[in-house]
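The values are calculated or read from the model by the stated rules, or taken from the named source; none is laboratory data. All of these numbers come straight from a predicted model, not from anything done at the bench. Every residue, glycine as well, gets a Cβ built from its backbone with ideal geometry; the counts of neighbours run over all protein chains shown.
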Amino acid sequence: MKNNCLIYEEETFAIRGAVFDVYKEMSNGFLEAVYQECLERELVARSIPFLSQPELRLMYKGELLHQTYKPDLICYEKIIVELKAVQTISPEHKSQLLNYLKATELKLGLIVNFGHYPKAQIERLIL
């Protein structure tokens, strides 16, 4: 995990701007699904390309599994955005995102926590 690397800096800046606008408007205290819908609207308004909860297939030793997973958002076809509405980002949240990055072979993920006060938390994880 190389957290000091600044890849996709412009794209991340745009996503962060959308996140902070959602937090400014909604503050904390809502369920994750509310923030998901608000952020999707903000991404559309800013012309940021994204997929919402795409169903992704997993592989095990070269074979496709029946199990799938759905990251909250994939922006610009290269950044996974995982949303939370919790008091603080935990190691389990980071582990979840790292697994998503490994499974997709994408390099950058953002954990966005709308439950934090007084502002949204955003953590970058690089694989």
| query | If you check residue 79 against the conditions, is it more than 19 Å from residue 24 (Cα to Cα), in contact (Cβ under 8 Å) with a residue 40 or more places away in the chain and touching a helix residue (DSSP H, G or I) at 6+ places or on another chain (Cβ under 7 Å)? | reply | yes
| residue 69 being aromatic (Phe, Trp, Tyr), surrounded by fewer than 18 Cβ atoms within 10 Å (Cβ to Cβ) and in contact (Cβ under 8 Å) with a residue 24 or more places away in the chain | yes
| query | With respect to residue 118, is the statement that it is over 20 Å from residue 7 (Cα atoms), modelled with pLDDT under 95 and not acidic (Asp, Glu) true? | reply | yes
| said: Being part of a helix (DSSP H, G or I) and among the charged types (D, E, K, R) is the filter here; which residues of the stretch 84-102 pass it? | reply: 92, 94, 102
| task | Report, ordered by the first and then the second residue, all pairs with beta carbons closer than 6 Å, sequence separation of six or more or different chains, a first member in the stretch 111-124 that is of a type in the set (Ser, Thr, Tyr), and a second member that is modelled with pLDDT under 95. | result | 117/28
| query | Does residue 47 fit the bill of being over 18 Å from residue 124 (Cβ atoms), loosely packed, with under 11 Cβ neighbours inside 10 Å, modelled with pLDDT of 95 or more and not basic (Lys, Arg)? | reply | yes
| Which condition does residue 56 not pass, out of (1) closer than 14 Å to residue 19 by Cβ; (2) modelled with pLDDT under 95, if it passes all the others? | (1)
| task | Working only within the stretch 15-36, note down all residues that are outside any loop (DSSP other than H, G, I, E, B), of a type outside the set (S, T, N, Q) and surrounded by 14 or more Cβ atoms within 10 Å (Cβ to Cβ). | result | 15, 16, 18, 19, 20, 21, 22, 23, 26, 32, 34, 35
| request: Return a yes/no flag: does the stretch 52-66 have any residue that is surrounded by 11 or more Cβ atoms within 10 Å (Cβ to Cβ), part of a loop (DSSP other than H, G, I, E, B) and free of Cβ contacts under 8 Å to residues at least 40 places away in the same chain. | output: yes
| field | Residue that is surrounded by the most Cβ atoms within 10 Å (Cβ to Cβ), among those in the stretch 1-14 that are assigned to a loop (DSSP other than H, G, I, E, B) and touching a residue at least 24 places away in the same chain (Cβ under 8 Å) | value | 8
| request: Quick one: in the stretch 101-110, of everything that is surrounded by 20 or more Cβ atoms within 10 Å (Cβ to Cβ) and in contact (Cβ under 8 Å) with a residue 40 or more places away in the chain, which residue is nearest to residue 32 (Cα to Cα)? | output: 110
| Does the stretch 76-97 contain any residue that is modelled with pLDDT of 95 or more, acidic (Asp, Glu), surrounded by fewer than 16 Cβ atoms within 10 Å (Cβ to Cβ) and farther than 17 Å from residue 53 by Cα? | yes
